[in-house]
Amino acid sequence: MKNTKKTLKIFEGFAGYGGGSFALKRLKEKYPNFQYKVVGYSEIDKYACELYDLNHKSQNGRKIKNYGDITKINPKNLPDFDFFMGGFPCQPFSTAGMQKGEDDPYGRGTLFQHIMRICNEKKPKYILLENVKGFFSKKFESTRLVMETLLHNMGYVKDKENHDEKALFAEILNSKDYGIPQNRERIWMFSRYGGLPEDFSMIPPKKKNNLLMADFLDPDGYVPKEMYLSDKQIKHLKEKHNINSFFVDKPLCFDVYNKKIKKDGYSITITMPEHNALRVIEANKDKEIVRKMSVTEQFRLMGLEGLEGVNRKIDIKFGNQSYTQLSKRAGNGWDVNLVTNLLENIFKQLSEIDYDWLN
């Protein structure tokens, strides 16, 4: 009997290492009847593209086509798709950036308009976007209003004449509420062509597992030696940030930016290495030990396992990229665990009004 199950077609914009694609794979593992196909992606960073191509393939084992710079994409050249997902660049809205928003000198603040341009032509059924918490601030209210108005006029509402109807559902979600011990707050935004019920919720049921950052660190002997700070560097760190001692009973996170040891056992937000805001403090009774977080630890806190040789299920390949490049990918990426929970929550609600994609 021929399989008549519908296939959800995805386009992944600003793809990075493919956090959305990794989450779709997780959903497929949990719901074997879930049929999806990534028909293309858009990414301009050379190293991100390498990582994406290494980890994601089409059904025939070939590379998924990269359509490149989103500002140069002609939507008529794209295949049809049901779902646009992407985390448009966050630097213009981040507290770690210049917070220029639409006035960003590099033009990153206006890239969401290219998402709208493409979606206006292709009219995908669903749009999922992500950005930093700062995008939800009063300062960028006008940008959000533009997005809301564009989506409303494009038909992402039940009634275009009803200007009070929401076209964009948005919530700030934190990784630590879904089993990953990283304090990572991101704004997630979702639209459906034809609108959504008023009781639609972007918030998946929270999942507590009592795991802390210490549970996500590499086993003894697996952390590269170059990650460790010298005694001189540790002394300088203490003097510079007015820290009395780095002796701890369990591994903890040192927040360099806020000059404090995180006693709650959680990691601060994984960021790009140039922000240099995170150190791991190891527990040792005889010696103060402070180090950088390894690549595999960073990605583990993004919901992915890349450490070979310790009986773990490897789900991301790193290739031969440097520590700096891989750390940039982690800092800019999606928490795969959270996205999986979010997509599952969305699809379960859509089964009542659209189609049961998962079962």
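Points to keep in mind about this one:
- Using a simple spin-label model with pseudo-atoms 7 Å out from Cα toward Cβ, K260 and K313 lie 3.7 nm apart.
- Chymotrypsin sites (Phe, Trp or Tyr not before Pro) restricted to the range 239-277 and DSSP loop, no more than 14 other C-beta within 10 Å: F247
- On Cα atoms only, tilt of 19-30 relative to the major axis of the chain in degrees: 80 degrees
- A simple charge model with +1 on the Cβ of Lys and Arg, -1 on the Cβ of Asp and Glu and nothing else charged puts the dipole of the range 134-245 at about 440 debye relative to its Cα centre.
- Counted without the sites themselves, the longest stretch of the chain free of GluC sites (Glu not before Pro) in a DSSP loop having at most 13 other beta carbon atoms within 10 Å is 1-160.
- For the range 132-169 versus the range 285-352, the inter-centroid distance based on Cα atoms is 31 Å.
- Sum of side-chain charges, S245 neighbourhood, beta-carbon under 11 Å (Lys, Arg +1; Asp, Glu -1): 0
- Residue list for the range 30-69, given a label point 7 angstrom along the Cα-to-Cβ vector of N320 and an amide N cut-off under 20 Å: 46-56
- Compared with the dominant principal axis of the Cα atoms in the chain, helix 231-241 is inclined by about 70°.
- Legend: ranking of residues C119, C253, C49 from fewest to most surrounding C-beta atoms inside 10 Å; resulting order C49, C119, C253.
- Nearest-0.05 FRET efficiency for L211 and D286, computed from C-beta distance (R0 30 Å): 0.65
- Members of K30/K208; K9/K138; K138/K292 lying beyond 26 Å, as alpha-carbon distances in this model show: K9/K138; K138/K292
- 32 Å Cα-Cα threshold exceeded, pairs from K63/K122; K46/K313; K28/K259; K125/K313; K25/K328; K6/K176: K28/K259; K125/K313; K6/K176
- Restricting the range 126-222 to trypsin sites (Lys or Arg not before Pro) that sit in a DSSP loop and have at most 15 other Cβ atoms within 10 Å of their own Cβ leaves K158, K160, K206, K207, K208.
- Cα-based helix-to-principal-axis angle, 336-353 vs the chain, degrees rounded to 10: 20 degrees
- Separation in nanometres of the label points that stand 7 Å from Cα toward Cβ, at E171 and F200: 1.3 nm
- Local electrostatic count at M189 - Lys and Arg +1, Asp and Glu -1, tallied over other residues with Cβ under 9 Å: -1
- Taken along the Cα-to-beta-carbon direction at a fixed 7 Å, the label points for N244 and N162 span 6.0 nm.
- Qualifying trypsin sites (Lys or Arg not before Pro) for the range 7-96 [loop in DSSP, other Cβ within 10 Å: at most 11]: R62
- If the chain linking Y31 and S58 were pulled fully straight, counting 0.36 nm for each residue of separation and taking away their Cα-Cα distance, it would gain 7.8 nm.
Quick note: the coordinates plus some simple rules give every number you see, no bench work behind them. From a predicted model like this one, the values you see are computed outputs, not experimental measurements. Note that we place each Cβ from the backbone using ideal geometry, even for glycine, and neighbour counts take in every protein chain shown.
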